[in-house]
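The values are calculated or read from the model by the stated rules, or taken from the named source; none is laboratory data. Every value quoted in this text rests on a predicted model; they were computed, and no experiment measured them. Every residue, glycine as well, gets a Cβ built from its backbone with ideal geometry; the counts of neighbours run over all protein chains shown.
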Amino acid sequence: MRTCFLLKVRPEMLEEYKQRHASVWPEMLDALRETGWRNYSLFLRPDGLLVGYLEADDFEKCCAAMKKYPVNARWQAEMSGFFEALSGGGADDNISPLEEVFHLD
């Protein structure tokens, strides 16, 4: 299953956000892989619009599994200040997948 989502990075934090993702903690990368996240990419527009894309067998189960990893809690705590308009929790609590309406294989 392909999943795409949007978030908004604060404009004044774009460069630091990119730097953090240039060196994601190895244990965070391991946790993502172990919980089923595959082919995961983030795309950032100059105004802070962040588009995430990943493939997973069951995205909701993958997100729930990540909550069991202490490294995820630490990562989310450090990254939550980068985002606009979070309604509580970290970015992972504010991901709403977009509906796929077309795919060319």
Worksheet item: Looking at (1) modelled with pLDDT of 95 or more; (2) farther than 25 Å from residue 26 by Cα, can you tell me which one residue 38 breaks?
Response: (2)
Fill in: Enumeration of residues in region 63-100 that are under 18 Å from residue 26 (Cα atoms) and more than 12 Å from the chain's Cα centre (by Cα)
65, 67, 68, 69, 70, 71, 73, 74, 77, 78
Discussion item. Quick check on residue 65: is it within 18 Å of residue 100 (Cβ to Cβ) and of a type in the set (A, V, I, L, M, F, W, C)?
Written reply: no
Item to complete: Mind telling me which of the residues 36, 48 ends up being within 20 Å of residue 16 (Cα to Cα) and over 13 Å from the mean Cα position of the chain (by Cα)?
Response: 48
Worksheet, complete the sentence: Reported set for region 85-100 where residues are within 15 Å of residue 42 (Cβ to Cβ) and touching a residue at least 40 places away in the same chain (Cβ under 8 Å) is 91, 94, 95, 97, 98
Worksheet item: Picking from 86, 98, which residue would you name as being in contact with a strand residue (DSSP E or B) (Cβ under 6 Å, 6 or more places away or on another chain) and closer than 15 Å to residue 6 by Cα?
Response: 98
Worksheet item: Hey, does region 69-80 have a residue that's farther than 21 Å from residue 16 by Cα and touching a helix residue (DSSP H, G or I) at 6+ places or on another chain (Cβ under 8 Å)?
Response: yes
Worksheet item: Of 60, 34, which residue is acidic (Asp, Glu), free of Cβ contacts under 8 Å to residues at least 40 places away in the same chain and more than 26 Å from residue 99 (Cβ to Cβ)?
Response: 34
